[in-house]
Each structure stands twice: as structure tokens, then as C-alpha cells.
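The values are calculated or read from the model by the stated rules, or taken from the named source; none is laboratory data. Worth saying up front: this structure is predicted, and the values here are computed from it rather than measured. All Cβ positions, glycine included, derive from the backbone under ideal geometry; neighbour counts span all protein chains shown.
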Amino acid sequence: MKPFQEGEHLPCGVELVGLVNQVAEDLRPPDPEHQSSCEHCRRALAELEPMWGQVRELARQEVIPPSALVATVMQAIRAERTRVSPEELPLREIVPRLVEHALLLGERGSLRIGDSVIAQVIVREALATPGVVALDAGAASPRFGKSSHGVTVSMRESRVSAQLLLVVEIGWPIPGVVRDVRERVGQAVRTITGLAAVAIDMTVTDVRGE
Amino acid sequence: MVLVADDVHLVRAAQASDAVAFEELVRRHELRIYRLALRMLGNESDAQDAAQETFLQAWRALASFRAESAFSTWLYRIATNCCLATLSRPRPDTDPLSGREMDPRPGPDSITVERDRFRSLKVAIGRLTPEQRAPLVLREFEGLAYEEIGEVLGLSAGAVKGRLHRARLELVKGAVP
């Protein structure tokens, strides 16, 4: 049976679209007396309600985006960036002006996050990465911001650049360790501070065994 | 205290070519954009293509985003246009000139469809014209207000209302129980 294919008015003269909107928007009937006594209206509503219930159910149904969506998009974007302007790669974008805090401007005020906060987050993550023995507190790179415990943080607005001096355990593949540190540190800075880490440069200054 | 940068900061960083910030924006919005595309296009593969295209176009056009509307509204706008473009393209399977025949055997997709209890509803949504489908999907599945749908579609709230009411009516008339 196809209940609503006849016309756009019920035999009682009520417009079908009004009833549909009433059900869809959960509105009160404009003419409650008529609707409660009219056979046609009641029959139409009895059909519309379960029908719209299904729409609502479908709206609540969980949708899971394909797992590769983000990676595919970012791969395309990075390929495009490399093609267009290789000199703009983030790792080469060295911060020209140093500040000691990141400044986030919101609608209801601003927030400053000190560089020592970011540095602590970075140190913790780097040390927790398998293969990293220590950060090299001895060396410092005076060209960039403040260095403490082998980490240098520079910030501009909501972007962070970090330089790390790593001591890696002998036997661990250095490229793999460096990649892991970059991933963990980037993720931690993003989630803990809400800032987007742009550049994480690393220097392996030493290797150590047991 | 956990601090989370809002879209505005991420957009600003992304506008300065920060791909990491843009990646975070993609993560935040992938669900709604993919869901919109899925309800507009009715199948997962087209929805994935449209969602990817949406984010690529957003990245390319990022400099033109002036924060006059919410970033999500702006993305919805791009996504809706991507979906409308997909719908206006002739489908290769049904193109009479391609000479290709559709595989009559039921593949994994059609088996899923058989078991889908929303099947007749989805078919009815698929019968709506793209111009009716867009406001319906934005309202019923994405829960947008009339004004926001108007921003997405470039229509007045009144025009949105008109199209939405027409779409609902067509939907119930087309739904076969």
C-alpha cells in the first residue's frame, strides 16, 4: 500500500504537509479539536509517526568514517605542498621571533601557555619513547630560545617549534627512534596544550649502552 | 587543566600552511562531513570520495575563509557542493554509451542492502531531487537550524523552509512501507 500518493490534501481538507511538519518537528496540532475527532487526520498521523520514527532512528544510527580518510586527505595535501613550494615545508620554517609563551585568543579572553609547560610535556614524552636514554642537558643551542634539559622550545602565536638533543641507546635504529619521538611529542603537545606542533627537530648527540 | 584549541586557532595555523593543524581539523570534522555525504549519496564509496574532495578543496581555499561563519558551516557548504556535483555526474554503471553492463550477481554491497531495515527509507531519500535532499539531510540527519542551512545552501531561511517542507512531503509520499 502506498498511503500518501493520492493527493496533498486529506479528504477533510487538511494539508498533508502540515501534518508531516507537525510530526517531524514535534509540533502541537494547530487545530487539536479537529485532529482528535477527524478520522482522516488520525489515520494519516498513525501512518506518519512510525514513518518519521524511522527517519529519527536512521539519524541516530552510528556512522563510522573510513579509517583511511584522514590519512588519504593528508597524503594528498602533503604531496601538493611539496609540489607547489618545497621551501615551505614546516621543518625548515624556523621561527624568526622568540616569545616565551604561546598566546591563544578566544572569544571570551586569552590564554597564555608558558614555554616551560610545553618543554616539560616534551621531555616527558621523549623520555618515555623506547630507545631514548636521556636528553642531553650538557649541550645547548643558544640560537633558539631557552634550553633546559636538552629541549629548546620556541613559539610564535599558536605554533611550536622544538629542538631536542637526544641520547639514544646503542642497538636501537636511530631513524625509528627519532620518528617515534616526533610522533609522540607532536601528539602530546597537541592534545595536552591544544597547540599545533609544527616543527620538531632532533639531534642525536650520543649513544649509550648498558 | 586540559586545554583544547578551538577551530579558530587551528584554522589560523592552517592558513599559515600548518598541515598538522589542518589534520586536526580534518579529524574533528570527518564524521559529520562523511555522514552528510553518505546520506546525500547513499553509498560508502561515493561518500568517501566526496569527503576527501571536500577536505582537499577546503585546504586549497583556506585563505578565502574569513571566519564570517563557523568553520563547520563552511565545510558543510563545500561538502554539499561536492555531493551535488557527484549527483549531477552521469554514473558510469548506467551510462548507455560506456557499453559496460552492471554485474547482475549480488556483491557484498547488495547483501548488506538486503539486510538493511532502512532500505526503503534510503531509497525514498534517493528519489528526492538533489535540491530537496540537501536541506532534508542537513536538517534531519545533521540537525542544523534553518538559518545555518540557509548559510550552507546560500538561501534565505524562508526558502530553506519551503524546500524542506517539500522534501518531507515527497519523502512520505515516496516511502513504500
### Message
Can you find a residue that is more than 14 Å from every other protein chain (Cβ to nearest Cβ), assigned to a loop (DSSP other than H, G, I, E, B), under 18 Å from A:GLY186 (Cα atoms) and at pLDDT 85 or above anywhere in the range A:116-129?
### Response
yes
### Message
Filter the range B:125-149 down to the residues that are buried (at least 22 other Cβ atoms within 10 Å of the Cβ) and of a type in the set (Gly, Ala, Ser) and list them by number.
### Response
B:ALA134
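Name every residue in the range B:150-173 that is away from every other protein chain (no Cβ under 14 Å) and surrounded by 22 or more Cβ atoms within 10 Å (Cβ to Cβ), in order of residue number.
Filtering the range B:150-173 for residues away from every other protein chain (no Cβ under 14 Å) gives B:150-159.
Of everything in the range B:150-173, just one residue is away from every other protein chain (no Cβ under 14 Å) and surrounded by 22 or more Cβ atoms within 10 Å (Cβ to Cβ), namely B:VAL152.
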### Query
Can you name the residue in the range A:169-200 that is within 12 Å of another protein chain (Cβ to nearest Cβ) and of a type in the set (Lys, Arg) and is also farthest from B:ALA13 (Cα to Cα) among such residues?
A:ARG182
### Query
Quick one: which of B:LEU84, B:LEU62 is in a helix (DSSP H, G or I), of a type outside the set (Val, Ile, Thr) and farther than 19 Å from B:ALA134 by Cα?
B:LEU62
### Message
Contact list please: Cβ distance under 9 Å, first residue in the range B:153-170 and farther than 21 Å from B:ILE125 by Cβ, second residue of a type outside the set (S, T, N, Q) and not in a loop (DSSP other than H, G, I, E, B), pairs at least six apart or on different chains.
### Response
B:GLY154/B:ARG77; B:SER156/B:GLY150; B:ALA157/B:TYR146; B:ALA157/B:GLU147; B:ALA157/B:ILE149; B:ALA157/B:GLY150; B:GLY158/B:TYR146; B:GLY158/B:GLY150
### Query
Taking helices (runs of 4 or more DSSP H) that do not extend beyond the range A:1-72, which have at least 1 residues that are under 16 Å from B:LYS173 (Cβ atoms) and either at the interface with chain B (Cβ under 9 Å from one of its Cβ atoms) or hydrophobic (A, V, I, L, M, F, W, C) (or both)?
A:16-24, A:39-60
### Message
Checking the condition more than 7 Å from chain A (Cβ to nearest Cβ), surrounded by 23 or more Cβ atoms within 10 Å (Cβ to Cβ) and within 17 Å of B:ARG66 (Cβ to Cβ), which residue from B:ALA37, B:ALA14, B:ALA47 passes?
### Response
B:ALA14
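Hey, any hits in the range A:77-87 for a residue that's acidic (Asp, Glu) and at pLDDT 90 or above? So that I can check it myself, show each step before the final result.
Residues of the range A:77-87 acidic (Asp, Glu): A:80, A:87.
Still in the running and at pLDDT 90 or above: none.
Taking every residue of the range A:77-87 in turn, none turns out to be acidic (Asp, Glu) and at pLDDT 90 or above.
Being of a type in the set (Gly, Ala, Ser) and surrounded by fewer than 17 Cβ atoms within 10 Å (Cβ to Cβ) is the filter; apply it to the range B:72-97 and report the residue that is modelled with the highest pLDDT.
Looking only at the range B:72-97, we keep the residues that are of a type in the set (Gly, Ala, Ser), and these are B:72, B:79, B:85, B:88.
Those still in the list that are surrounded by fewer than 17 Cβ atoms within 10 Å (Cβ to Cβ) too: B:85, B:88.
Numbers: B:ALA85: 90, B:SER88: 86.
Taking the candidates together, the pick is B:ALA85.
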